[in-house]
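See structure below.
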Amino acid sequence: MKDRIANQFDRARDEGRACFVAYVCAGDPDFATSLEVCRTLIDGGVDVLELGVPFSDPLADGLTNQLAAQRALESGMTADRVFELVREIRKFSEVPIVFYTYYNLVFNKGVDAYVQTALEAGVDGLLTLDLPPEEAAELLESSRARGMKNIFIVAPTTPESRIPLIAESASGFVYYVSREGVTGERESLAGDIGDAVERIKKQVSIPVVVGFGISTRGQVAQVAAVSDGVVVGSALVNCIRHNLDNTARIVPALKEKLSDLVAGVGAAPAGN
Amino acid sequence: MTVQTNPAPRELLPDERGHFGPYGGMYVPETLMTALYELNEAYLEARRDTGFQAELRRLLKEYAGRPTELYLAERLTEELGGAKLYLKREDLLHTGAHKINNALAQALLAKRMGKKRIIAETGAGQHGIATASVCAKLGLECVIYMGAVDMERQSLNVYRMRLCGAEVRGVEAGQKTLKEAINEAMRDWVTNVRETHYILGSALGAHPYPMMVRDFHRVIGRETKTQILEKEGRLPDELIACVGGGSNAIGFFFDFLDDPGVKLIGVEAGGRGASPGDHAARFRGGRLGVLQGCKTFILQNTDGQIELTHSVSAGLDYAAIGPEHAYYRDKRRIDYDQATDAEALDAFTRLARGEGIIPALESSHGAACALRRAAGLGKDKIVILNLSGRGDKDVREAAKQLGEKLP
């Protein structure tokens with residue numbers, strides 16, 4: 001039986017389009033609103049839901065996501081509450097769910113126990129930002145035994161000679177970080193994304209998605225044309241951040257942003 | 001030609017990916033992995049290169065002021081009525097602390113690697129000022145990240161860095177101290193990794209930093225050993241140093257690890273109490289975890305979120321301890337003790353009054369332990385404190401803590 005992640009990428013491929021991967025921080029700005037945010041994303045046509053697990057020291061994240069994690073922690077999000085959020089989502093959706101997290105949060109519970117709890121809650125994959133393949137033996141062993149996917153990152157600074165190590169460790173999909181830096185919106189995209197994805201795909205058999213800094217419909221279309229999936233994070237998180245004074249506006253703002261962006265994955269690239 | 005003897009097992013640590021037993025490693029985003037491997041390679045090459053080593057030795061002597069004296073604190077020794085108390089005077093170094101040993105060496109290495117831009121974090125400001133000075137000397141662009149609370153506590157050092165041409169960027173996130181400054185420095189490094197070298201200031205973070213920083217501070221222990229043998233004709237009974245990340249301590253202790261008669265004691269910040277958030281004693285309140293590049297003892301809550309910390313000294317106010325310290329604690333080779341804010345302040349004034357030497361508040365934690373222990377030992381014993389930095393930067397904070405009003 002195929003898993004949720006593979007099924008979703010197959011379906012998108014059959015439809016002749018890339019997957020839309022949406023990132024939000026679990027519990028931002030609070031549990032109830034976050035659940036509504038996730039529902040909105042799923043109803044809005046998101047193919048993969050990437051849930052940030054809030055951490056006190058998110059060193060790979062830009063300011064937008066740092067503040068989101070801070071809001072979530074201040075509202076009382078804990079590891080258990082994040083799992084609870086996933087269980088709530090699973091009551092109404094089979095969308096693939098990937099955790100975007102830092103290793104201390106996984107290691108803290110005992111790696112195998114964490115993997116088991118996450119799977120039981122309905123998590124399909126783990127992207128552990130500060131865990132390179134070199135340090136991932138324990139997580140990989142547990143994940144392989146239990147059927148959890150492990151998403152790994154390829155960066156612009158990753159030499160070709162390193163890709164086989166990443167390829168043999170990764171499952172679900174590979175995440176290409178489109179530029180050096182932290183998460184956050186950017187005005188323009190790096191120019192060589194297509195070449196980079198092509199080079200990765202020579203050595204990787206699973207889908208390759210592209211993320212970091214993608215925030216407009218044009219950028220989504222541009223990246224969708226050359227990859228299997230597009231990750232949008234900060235642009236969505238900002239819909240929450242900019243409506244904190246009136247949280248009733250979060251869902252409408254998100255809907256509007258999403259319908260604009262999601263159209264990008266099916267559309268022809270801008271200027272084409 | 002001298003015959004190279006086989007290195008002792010400790011010389012083989014860490015392994016090639018930075019593990020000290022279960023501690024250390026390389027826990028960083030993928031973007032930095034290649035930079036860390038390149039840095040490791042460049043460092044190992046430089047370590048073998050006699051030209052690099054000679055240039056470093058020359059600068060340590062002529063620019064930094066090495067060797068530093070090993071000084072017998074006669075009046076304090078008399079007052080304590082116990083062991084002879086020696087001070088290793090790292091406080092006499094240029095820029096005021098041991099930090100210059102590492103900053104100078106890493107900046108030379110960065111130049112060798114063709115990096116033109118330097119970034120660093122700083123807590124107390126000592127590593128920041130050392131880095132800013134060295135960058136001015138070597139003509140490198142320099143950006144220092146510092147928590148906003150620390151900038152307030154150490155405003156004089158902020159201005160010193162600026163005088164040397166560095167840009168000091170305040171960090172407003174979280175607790176606004178050292179940990180947040182490191183996060184921000186790492187974000188900068190991830191963004192500008194191709195042209196930038198990150199001069200990490202303690203024996204912390206991802207491999208090769210804990211190894212490299214340790215090696216650059218080993219000169220402290222090497223000199224101490226030669227000096228005490230000259231002065232006393234024998235090895236000391238105890239070595240004592242404060243431990244934030246632990247760079248001064250590991251550099252001081254390293255060349256004594258194979259001398260079983262020498263007791264080694266690292267002193268953590270006991271802060272204002274034992275409750276979470278009131279101290280920075282990782283071996284008392286912490287447990288194994290992963291933070292900012294390495295696996296080590298970390299102050300964290302049951303959920304794995306990093307705890308707030310407190311210490312009167314900005315340089316010890318940090319939630320994780322260098323991985324090599326965790327390793328030698330397991331091996332029972334290094335013991336760890338604590339000094340509270342109040343004990344450190346007491347030692348601060350006792351050194352000033354007893355010897356006319358004002359220690360940094362960080363070093364005052366080591367001093368508190370040294371005064372306590374020396375008093376309890378016989379007159380035939382020898383205790384050496386690594387006086388890792390001078391207290392000029394702390395005068396304002398100390399006056400505030402001691403309830404005195406400055407004119």
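The values are calculated or read from the model by the stated rules, or taken from the named source; none is laboratory data. From a predicted model like this one, the values you see are computed outputs, not experimental measurements. Positions of Cβ are generated from backbone atoms using ideal geometry, with glycine treated the same way; all protein chains shown enter the neighbour counts. These accessible areas exclude ligands, DNA and RNA; they are computed on the full protein's heavy atoms, side chains included. Shrake-Rupley method; radii C 1.70, N 1.55, O 1.52, S 1.80 Å.
All alpha carbon pair distances within the protein assembly as shown were sorted into 10 Å bins beginning at 0; the resulting P(r) in whole percents reads 3, 16, 25, 24, 16, 10, 5, 1, 0. Seen through its C-alpha gyration tensor, with square-root eigenvalues sorted a ≥ b ≥ c, the range A:125-235 comes out prolate because a/c lies at 1.5 or above while a/b is bigger than b/c. In order along the range B:117-124, phi translates into HN-Hα couplings of 10, 10, 10, 7, 9, 8, x, 6 Hz, rounded to whole numbers, per the Karplus curve 6.51 cos²θ - 1.76 cosθ + 1.60 with θ = phi - 60° and x for Gly and Pro.
Determine the share of the protein assembly as shown's accessible area contributed by carbon and sulfur atoms, expressed in whole percent, with a 1.4 angstrom probe.
Reported share for carbon and sulfur atoms: 49 percent.
The residues of the range B:346-407 have, on average, 45 Å² of accessible surface per residue, using a 1.4 Å probe with all protein chains present. Classified by the C-alpha gyration tensor, the range B:248-376 has an oblate form. Its axis ratio a/c, with a ≥ b ≥ c, is 1.5 or above, and a/b does not exceed b/c. Computed packing ranks the peptides A:166-172, B:255-261, B:145-151 as B:145-151, A:166-172, B:255-261, most packed first, by mean other Cβ atoms within 10 Å.
Once you order the gyration tensor axes a ≥ b ≥ c over the Cα atoms, which shape class does the range A:1-130 get: rounded for a/c under 1.5, otherwise prolate or oblate by comparing a/b with b/c? Prolate is the answer for the range A:1-130, as a/c is 1.5 or above and a/b outweighs b/c.
Loop-located GluC sites (Glu not before Pro) in the range B:325-407 (DSSP state other than H, G, I, E, B) with a sparse environment of at most 14 neighbouring Cβ atoms within 10 Å: B:404.
Buried on complex formation within the range A:58-96 (loss of at least 40 square angstrom of accessible surface versus the isolated chain, 1.4 Å probe, ligands and nucleic acids ignored): A:59, A:66. Counting only other chain Cβ atoms within 10 Å of each residue's Cβ, the peptide A:101-109 averages 6. The charge dipole of the range A:133-225, taken about its Cα centre with unit charges on the Cβ atoms of Lys, Arg (+1), Asp and Glu (-1) only, comes to about 340 debye. Share of antiparallel DSSP beta bridges in the protein assembly as shown, in percent to the nearest 5? Restricted to the protein assembly as shown, the bridges split so that about 20 percent are antiparallel. For the range A:55-79 versus the range B:199-234, the spacing of their alpha-carbon centroids is 37 Å. Relative to one another, the C-alpha centroids of the range B:86-149 and the range B:390-407 are positioned 24 Å apart.
Mean per-residue shielding of peptide B:21-30 is 6, counting Cβ atoms of other chains within 10 Å of each Cβ. Inter-chain neighbour count for A:145-154: the average number of beta-carbon atoms from partner chains within 10 Å of each residue's beta-carbon is 1. Taking a threshold of 30 Å on the Cα-Cα distance, which of the pairs B:84/B:331; A:109/B:99; B:176/B:331; B:99/B:225 fall above it? Pairs exceeding the cut-off: A:109/B:99; B:176/B:331.
Working note: Karplus 6.51/-1.76/1.60 with θ = phi - 60° gives the range B:144-151 the couplings 10, 9, 8, x, 4, 5, 5, 4 Hz, where Gly and Pro are set to x.
Rounded to the nearest 0.05, what FRET efficiency do residue A:256 and residue A:80 have when you use their Cβ-Cβ distance and R0 = 35 Å?
After rounding to 0.05, the efficiency reads 0.60.
Database remark: amide H of residue A:176 closer than 5 angstrom to the amide H of A:154, A:209, A:210, A:211 (H placed geometrically; neighbours at sequence offset of 5 or more, or on other chains; Pro and chain starts carry no H). Couplings 3J(HN,Hα) for the range B:125-131, derived from phi with the Karplus relation 6.51 cos²θ - 1.76 cosθ + 1.60 (θ = phi - 60°), are x, 5, 5, x, 6, 4, 5 Hz, where x marks Gly and Pro.
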